[in-house]
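Chemist: Please find one structure pasted underneath; my questions will follow.
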Ligand code: 13P
Ligand code: SF4
């Protein structure tokens, strides 16, 4: 007999240390039936329970390989969707708080991308000339759009490689939703900035003339990450003036000016590895605060100092919603035989999205 799920109300007011103890107890009871995948931006009080940590590419690969019955994703909505799409049908993907979305992913929708595709068709044949490339930070129906139209998914760690894959097939790329990752990756491939144009989805024809569309190599969606837009080149300039031997490392979701002024650019996993492995002892890091705080502690014993790029606190407020209370609630329900907050992508959409994701995994 199905037991009614335990309501979250009973967990809302749970003291942090009680939630920690209950997470540990539930994990012990579930054993190998549940795996906790944790993105690097996750808060410390959740991250400590991770079985596997990683950037989006690593976590999507591991989600496709795990044997666990339950994949509990401590990240944001699109990550749990990817886990559902790439895992076997009998595996269950769970997001402990459904409000953990990604504001950048929300900047592109299927309806707006389809409208863009129709408007491009007034100037050229997009299915012949344009590869749609979606950043993994996007809803499953946009990955399905790419699967359907000869397109592909990319992450922050493989975007230049994915652009090469795309240009080997068609002469132009429509890149959504992150303009900054698209621009930086195009620049790394040697594409001049004036051959990358911005498509504003709120304007007719994206605000572009037919001539601008015909000349463009990459059409960049007008999307961005609200966390990474906080980092400014002036913060790097101040750091360099104070520490001429210091090194700057940034995530490619930062603006072009910040990326161009950095010594290293990389995904969250690359940022961690680089600061750990390179010999330099003073760093400024342009990515989310939970990651930077953890990294600073980890490398302190090596005599390294790591500082956050922005002057103000900027966390990924949506990822922050996965707290110990929601994690305890999710796991105790699993122990009791209830699945709460399942992320399940409809089969047809998942099939098409999987095509675009598998093209990415094969190409990277
Ligand atoms: P990574 O793939 O580098 O972990 O980035 C994910 C993300 O959302 C960064 O904002
Ligand atoms: Fe999305 Fe930005 Fe959060 Fe990454 S940091 S999950 S892009 S809102």
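Chemist: In whole Å, how far is the Cα centre of region 232-277 from that of region 1-50?
Modeler: Between the Cα centre of region 232-277 and that of region 1-50, the gap is 34 Å.
Chemist: Here is a further query. At 222 nm, what value in deg cm²/dmol follows for the chain if DSSP H runs of at least 4 each add -39500 (n - 2.57) and the sum is divided by all its residues, to the nearest 500?
Modeler: Value at 222 nm, helices only: -12500 deg cm²/dmol.
Chemist: In whole Å, what three semi-axes, largest first, describe the equivalent ellipsoid of region 61-194 built from its Cα gyration tensor (square root of 5 times each eigenvalue)?
Modeler: Its equivalent ellipsoid spans semi-axes of 28, 16, 14 Å.
Chemist: Here's a follow-up. With springs only between Cα atoms under 10 Å apart, run a GNM on the chain and tell me which of 297, 81, 349 wobbles the most.
Modeler: Among 297, 81, 349, the largest GNM mean-square fluctuation belongs to 297.
Chemist: Something else now. Using the 10 angstrom Cβ neighbour count as an exposure proxy, how do 74, 316, 116 rank, fewest first?
Modeler: Final ranking by Cβ density, sparse to dense: 116, 316, 74.
Chemist: Rank the residues 287, 281, 66, 312 as a footprinting-exposure proxy: fewest other Cβ atoms within 10 Å of their Cβ go first.
Modeler: Fewest-to-most ranking of 287, 281, 66, 312: 312, 281, 66, 287.
Chemist: Order of 41, 264, 135 from fewest to most other C-beta atoms within 10 Å?
Modeler: 264, 41, 135
Chemist: Another question about this same structure. Compute a Gaussian network model of the chain, connecting alpha carbons closer than 10 Å, and tell me which residue from 345, 285, 76 fluctuates the most.
Modeler: Among 345, 285, 76, the largest GNM mean-square fluctuation belongs to 345.
Chemist: Here's another thing I want to ask about it. Over the alpha-carbon set of region 231-364, work out the extent along each principal axis and list the three values in angstrom, largest first.
Modeler: Principal-axis extents of the Cα atoms in region 231-364, largest first: 56, 36, 27 Å.
Chemist: Assuming a ≥ b ≥ c are the square roots of the Cα gyration tensor eigenvalues, decide whether region 189-271 counts as rounded (a/c under 1.5), prolate (otherwise, with a/b larger than b/c) or oblate.
Modeler: Verdict is prolate for region 189-271.
Chemist: Can you list, largest first and rounded to whole Å, the semi-axes you get for region 1-114 by taking the square root of 5 times each eigenvalue of its Cα gyration tensor?
Modeler: The three semi-axes for region 1-114 are 25, 18, 16 Å.
Chemist: Sort 15-26, 244-255, 152-163 for me by packing, meaning the mean count of neighbouring Cβ atoms within 10 Å per residue, highest on top.
Modeler: 152-163, 244-255, 15-26
Chemist: Rounded, prolate or oblate: which fits region 123-178, taking a ≥ b ≥ c as square roots of the Cα gyration tensor eigenvalues, rounded meaning a/c under 1.5, else prolate when a/b beats b/c?
Modeler: It comes out oblate by the Cα gyration axes.
Chemist: Which whole-number percent of Cα pairs in region 147-245 have a distance greater than 19 Å?
Modeler: Of the Cα pairs, 50 percent sit more than 19 Å apart.
Chemist: Bins of 20 Å, beginning at zero and ending with the bin holding the largest distance: percent of Cα pairs per bin for the chain, please.
Modeler: With a bin width of 20 Å, the distribution comes to 29, 55, 16, 0.
Chemist: Sorted by average packing, counted as other Cβ atoms within 10 angstrom per residue and highest first, what order do 178-190, 202-214 take?
Modeler: Descending packing order for the listed peptides: 178-190, 202-214.
Chemist: Pick out which of 335, 197, 306 has the largest mean-square fluctuation in a Gaussian network model of the chain, springs linking Cα atoms closer than 10 Å.
Modeler: Maximum among the listed residues: 335.
Bear in mind these aren't lab numbers, they're just calculated from the coordinates by the rules spelled out. None of the values given here were measured: they were computed from a predicted structure. Cβ: placed from backbone, ideal geometry, glycine included. Neighbour counts: every protein chain shown.
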